[in-house]
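Comments concern the structure below.
Read-outs throughout are calculated quantities, based only on the coordinates presented, and are distinct from any laboratory measurement. Just so it is clear, the model here is predicted, and its values are computed rather than measured. Note: ideal-geometry Cβ built from the backbone for every residue, glycine included; neighbour counts use all protein chains shown.
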Amino acid sequence: MAEKKPIVAITMGDPAGNGPEITVKALAHADVFDRVKPLVVGDASMIEKVLGIAGHPDTTVHRVETVGEAKFEPGTIDVYHMDLIDPDKFEFGKVSAMCGMAAFKSVVKAIELAMAGEVDATCTNALNKEAMNLALEPEGRHFDGHTEIYATYTGTSSYAMMLAHHDLRVVHVSTHCALREACDRVKKDRVLEVIKLGNDACLRLGIEHPRVAVAGLNPHAGENGLFGTEEIEEIAPAIEAARAEGIDVEGPLPSDSLFSKALGGWYDIVVVMYHDQGHIPLKTVGFVYDREARAWQAVEGVNVSLGLPIVRTSVDHGTGFDQAGKGTSNELSLLNAIDYAARLASDR
């Protein structure tokens, strides 16, 4: 019997950004359809608008109102059309409440489809946090980003963000908050929770015996209390508790050398204490700029939300407002995110 291909709902992201363009470019790769059944969630008019910009004017956009209507055929992009954009008010590269709300509603619909079992996984293009909250705050709502939206609409309290570039993986104790607040969030229970989420993610990815590294918060991992006590009071006790549960975990380790070891294959995943501690190394290796050509050679990396009852992966870059509508955005990150979604969906 042929292996069932998962249906992956792909949100269009902020339509004023590069999400629609890289979606068209990614789904122009016919081999994507060998692995998944892709369904774009958003506004079909935006996908149609960028076909020529993306270099694929002959691609057919198929509007659907239900998942069952989708064709899942190369050369055709199935779009769960939600009629979100007024073309007379739309501009590429501009922050707007209309586009922010469109991106938000696309995400919520993808979550609803996954929670209802109509799709097997979700994959998100980038949204603009300013635009989204410009739309939501007059209604008394605010979200820091995708992860918080997913947590809210799935009723999840234990979750974390994992970033991956090939075999380099990081999972965060905190993400979108001020650095001062991030330090306060380094607590034993949260660190232990993230260690367990990271270990479980590796198991789901087929790593039989995950090796987990935990970064320190302070320079030199605190130097035995000389540069801070969080390692002694919060991080080390969490590591000991994880070991007691049978997890192969090492740390706290100085982050200035830890990622070189992880790239060298010492560890399968690194637990980091705050946003930039994990994002900087991932994007340094995943985002490659060709200085002679003055163009991005690669923009790779995958964002995975751990702890959710549904699969969610995402591109590991922003909306690219400076490139929107120019045909220059790179689809590699989205292709990788789609593949990760398929791998995680097959484990369920």
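Per-residue Cβ neighbour counts within 10 Å put His81, His146 in the sequence His81, His146, beginning with the fewest.
Taking other C-beta atoms within 10 angstrom as a stand-in for reagent exposure, Tyr80, Tyr274 fall in the order Tyr274, Tyr80, fewest first.
For the stretch 258-311, the average shadow cast by the Cα convex hull is 5.2 nm², which is a quarter of the hull's surface. Return P(r) of the stretch 82-233 (all Cα-Cα pairs; 10 Å bins starting at 0; whole %; ordered from short to long distances). That works out to 9, 29, 31, 21, 9, 1, 0, in percent per bin. For the stretch 109-196, the Kirkwood estimate of hydrodynamic radius, built from reciprocal distances between every pair of different alpha carbons, is 15.2 Å.
So what is the relative contact order of the chain, in percent, for Cα pairs below 8 Å that sit 6 or more residues apart? Write out the running numbers ahead of the final one.
Details: 755 pairs, mean separation 77.5, N = 348.
Relative contact order for the chain comes out at 22 percent.
The DSSP beta bridges internal to the stretch 160-282 are antiparallel in roughly 30% of cases. Reachable lysines from Lys49, Cα under 27 Å, same-chain residues fewer than 8 places away excluded? List returned: Lys25, Lys37, Lys71, Lys89, Lys94, Lys105, Lys109, Lys129, Lys326. Please go through the stretch 24-133 and write out the GluC sites (Glu not before Pro) that DSSP classes as loop and that have at most 13 other C-beta atoms within 10 Å. When the GluC sites (Glu not before Pro) of the stretch 24-133 are filtered for loop state and at most 13 Cβ neighbours within 10 Å, Glu65, Glu91 remain.
Each stretch of four or more DSSP H residues adds -39500 (n - 2.57); spread over every residue of the chain, this sum gives -10500 deg cm²/dmol at 222 nm. When Val170, Val36 are arranged by Cβ crowding within 10 Å, least crowded first, meaning fewest neighbours, the order is Val36, Val170. Count neighbours as other Cβ atoms within 10 Å of each site's Cβ, and list the GluC sites (Glu not before Pro) in the stretch 176-226 that are DSSP loop with at most 14 such neighbours. Qualifying residues, ordered by number: Glu208, Glu223. In the chain, the inverse of the mean reciprocal separation of distinct Cα atoms equals 20.7 Å; this is its Kirkwood hydrodynamic radius. For the stretch 271-348 and the stretch 1-38, write down the distance between their C-alpha centroids in whole Å. Here the two parts' Cα centres lie 14 Å apart.
Counting only DSSP beta bridges whose two residues both lie in the chain, roughly 35 percent are antiparallel. In order along the stretch 268-285, the Karplus-derived 3J(HN,Hα) couplings, from 6.51 cos²θ - 1.76 cosθ + 1.60 at θ = phi - 60°, round to 8, 7, 10, 8, 10, 8, 7, 3, 6, 4, x, 5, 4, x, 5, 6, 5, 8 Hz, and Gly and Pro are given as x.
Look at the Cα gyration tensor of the stretch 60-115: its axes a ≥ b ≥ c give a/c of at least 1.5 with a/b at or below b/c, and that counts as oblate. Summarising the overall dimensions of the stretch 160-282 from its C-alpha atoms, the Rg and Dmax are 12.9, 40 angstrom.
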